[in-house]
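What follows is a set of notes on a single structure, which appears directly below.
Bear in mind these aren't lab numbers, they're just calculated from the coordinates by the rules spelled out. These numbers were taken from a predicted model, which means no experiment stands behind them. Every residue, glycine among them, receives a Cβ derived from its backbone with ideal geometry; neighbour counts consider all protein chains shown.
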Amino acid sequence: MFDWKWDFAWEILPRLITATGNTLLAAGAGYAIALVLGLFLAIAQRTPYRGVTFVVRELVEFIRSTPLLLQIFFIFYVGPQIGIRLSPWMSGMMAIGLHYACYLSEVYRGGIDSVPKGQWEAAIALNMTAVQKYRRVIIPQAIPSALAGMGNYLVGIFKDTPMLSVIGVAELIHTANAIGSEHYRFLEPFTMVGIIFLAISLPAAGLIRLVEGRVRRKLGLN
Amino acid sequence: MNFFDFVLQYWPRVVSGTGVTVAQFILATILGVAIALSMGLMKLSSSKLVRASAITYIEIFRGTSLLVQLYWIFFVLPLFGVTIDKFTAGYVAVGMNIGAYGAELVRGGILSVAKGQWEAALAINMTPAQRMRRIILPQALVNMLPPWGNLMIELLKGTALVSLISVADLMFETKQINSSTFLSAQAFGIALAIYYVLARFMVTPFMRWLEDYMARKMGRA
C-alpha cells in the first residue's frame with residue numbers, strides 16, 4: 001500500500017549522503033560564526049556604555065523575534081542592492097550565523113551572570129585589563145553553565161539548515177526537492193531526509209548531554 | 001519608485017499577507033496547545049504503551065526540522081490518500097511541531113507542582129481526572145507560562161515557512177513583491193518590521209498579561 005520502491009531509494013541514497021555532508025558543513029560553519037559572534041554580542045551588553053548596550057540589546061531582540069527565513073532572503077537579495085554580491089552559501093552562513101549568535105549571546109549572558117561577584121572583584125584586584133578579565137577569569141567559568149544551551153542550539157542550527165534551500169544551497173531538502181521533481185516521486189526522498197535528520201539529531205542530543213555531564217563533573221560542579 | 005509610492009501600491013497585499021500569517025498563527029496555536037497538553041499528559045501516563053507513543057511523537061517532531069515535516073505533510077501524505085489543502089497543511093505542520101516542544105513544557109509544569117497538592121487531592125477523595133483538572137493543571141499552567149512565551153515567538157516565526165508551500169502569508173507576499181519590483185530592501189524590510197511588531201508588541205505583551213492574570217487567579221500575585 002505504501003508504494004515504497006527500494007531500488008529507487010538505493011539509487012538516490014548517494015546523492016542524499018552528499019547533501020547530508022553539505023548540511024553538516026553548513027551547520028558547522030554557521031555554528032562557528034554564531035559561537036564567536038554571540039560572545040561579542042554578550043560582552044557588548046555588559047560594557048559601561050549605555051548606548052552600546054541599548055543598541056545591541058534591541059538588535060538581539062529584533063533578530064530573535066523575526067523569522068530566519070526572512071533574514072536569509074534579506075541578506076541574499078539586499079546585499080547586491082548595496083553592492084555586496086554574496087554567493088548563496090555565504091549569505092546563508094551569514095544569516096544563520098547571525099541568527100544563532102543572538103540566541104547564543106543570551107546563553108552566554110546567563111553563563112556570565114552566574115559567575116560569582118567575588119571573581120569579578122578579584123580580577124580587578126589583580127589589576128587585570130578588561131580583556132584579561134574575560135579571557136582568563138570570567139569566560140572559563142561561564143562556559144560550563146552555558147554548555148547545555150550551547151549544545152541545544154547546535155542541534156537547533158542543524159535543524160534550521162533546510163531553510164537555506166530557498167536560496168539554492170544544495171543541502172538535504174534542496175536535493176530531495178530536486179530528486180522529487182526529476183522523478184515525480186516525493187515519498188522516498190522526503191521520508192529519507194526525515195530519517196537522516198532523526199538519525200543525526202537524536203544521537204547528537206544524547207552525545208551533547210553526555211559531554212555536558214562529563215565537563216561539569218571534571219570541573220567539580222554537581 | 002520612491003518608498004511612499006511603493007507602500008501606496010503594495011499595502012493591500014502586505015495587509016492580506018499579514019492576515020493570513022495571523023490566521024496561521026492562531027490556528028497553529030490552538031492545535032499546538034491541544035497536542036502539547038495531550039502528549040504531555042500521555043508522557044506521564046502509567047501505561048507503558050501510552051508513554052511510548054507520546055515519546056515517539058515528541059522525538060520525531062523535535063528530531064526533524066519543521067520544513068521537513070511541512071514538506072512531508074504536503075507532498076507525501078497525499079500519496080497515502082490523505083490530501084489536505086496547503087492552508088491546512090501549513091498550520092497543521094506548525095502546530096504539530098510546536099505541540100511536541102510544548103509537550104515537554106507541559107510535562108515539566110505538571111512535575112513541578114508540589115507533592116503535597118497531589119496528596120491533598122487524593123485525601124479529599126478526588127478521582128484522578130478531577131485531581132488533574134482542578135488541582136494540578138491550573139498550578140502547572142502558571143509554572144509553565146513563562147517558557148510558553150518563548151515558544152509562541154518560535155511559532156510565529158515558524159509560520160513563515162508555510163510560504164514555501166505557497167500559502168499566501170506575509171512572507172509569501174513579500175517574496176512576490178520582491179520578484180516583481182526588485183525593491184528587496186523595502187519589501188523584506190517592511191516584512192521584518194511587521195514580524196517584529198507582531199512578536200514584540202502583540203504576542204509578548206499578551207503572554208505577559210496571561211502570566212499576570214493566571215498568577216492573580218491563583219492568588220500568587
message: What does the charge count around B:Leu41 come to, taking other residues whose C-beta lies under 14 Å from its C-beta (Lys +1, Arg +1, Asp -1, Glu -1)?
response: +4
query: In whole Å, how far is the Cα centre of region B:102-157 from that of region A:182-211?
result: 32 Å
- request: Quick one: P(r) of region B:7-103 from all Cα-Cα pairs, 5 Å bins, percents rounded to integers, in order of increasing distance.
  value: 3, 14, 17, 19, 18, 13, 8, 4, 2, 1, 1, 0
statement: region A:26-72: Kirkwood hydrodynamic radius (Cα pairs, Å) comes out at 11.8 Å
field: 28 Å Cα-Cα threshold exceeded, pairs from A:Lys133/A:Lys218; B:Lys48/B:Lys86; A:Lys159/B:Lys86; B:Lys43/B:Lys86
entry: B:Lys48/B:Lys86; B:Lys43/B:Lys86
- prompt: So which residue, out of B:Ala140, B:Ala129, B:Ala93, gets the largest mean-square fluctuation from a GNM of chain B using Cα contacts under 10 Å as springs?
  reply: B:Ala129
message: Output needed: percent of Cα pairs per 10 Å distance bin for region A:6-218, bins running from 0 to the one holding the longest distance.
response: 8, 27, 30, 21, 10, 3, 1
query: Under a Cβ-Cβ cut-off of 12 Å, what is the net charge of the residues other than A:Asp160 that fall near it, where Lys and Arg count +1 and Asp and Glu count -1?
result: 0
query: So what is the calculated 222 nm ellipticity per residue for the protein assembly as shown, using -39500 (n - 2.57) for each DSSP H run with n of 4 or more, over all residues, to the nearest 500 deg cm²/dmol?
result: -25500 deg cm²/dmol
statement: Using alpha carbon positions and the Kirkwood radius, the Rg to Rh ratio of chain B is 1.07
- prompt: ³J(HN,Hα) across region A:24-34 via Karplus (A = 6.51, B = -1.76, C = 1.60, θ = phi - 60°), whole Hz, x for Gly/Pro?
  reply: 5, 4, 4, 5, x, 5, x, 5, 4, 4, 5
statement: Using alpha-carbon positions, the gyration tensor of region A:93-171 gives root eigenvalues a ≥ b ≥ c; with a/c under 1.5 called rounded, otherwise prolate if a/b exceeds b/c, else oblate, the class is prolate
task: Using a cut-off of 11 Å between beta-carbons, work out the net charge of the residues near A:Leu147 (Lys and Arg +1, Asp and Glu -1, A:Leu147 not included).
output: +2
- request: Work out, in µm²/s and without decimals, the Stokes-Einstein translational diffusion coefficient of region A:1-132 at 10 °C, 1.306 mPa s, Rh from Kirkwood over C-alpha pairs.
  value: 89 µm²/s
- request: Compute log10 of I(q)/I(0) for the protein assembly as shown with the Debye formula, placing one identical point scatterer on every Cα and leaving out solvent, at q = 0.08, 0.09, 0.13, 0.14 Å⁻¹, to two decimals.
  value: -0.52, -0.66, -1.34, -1.49
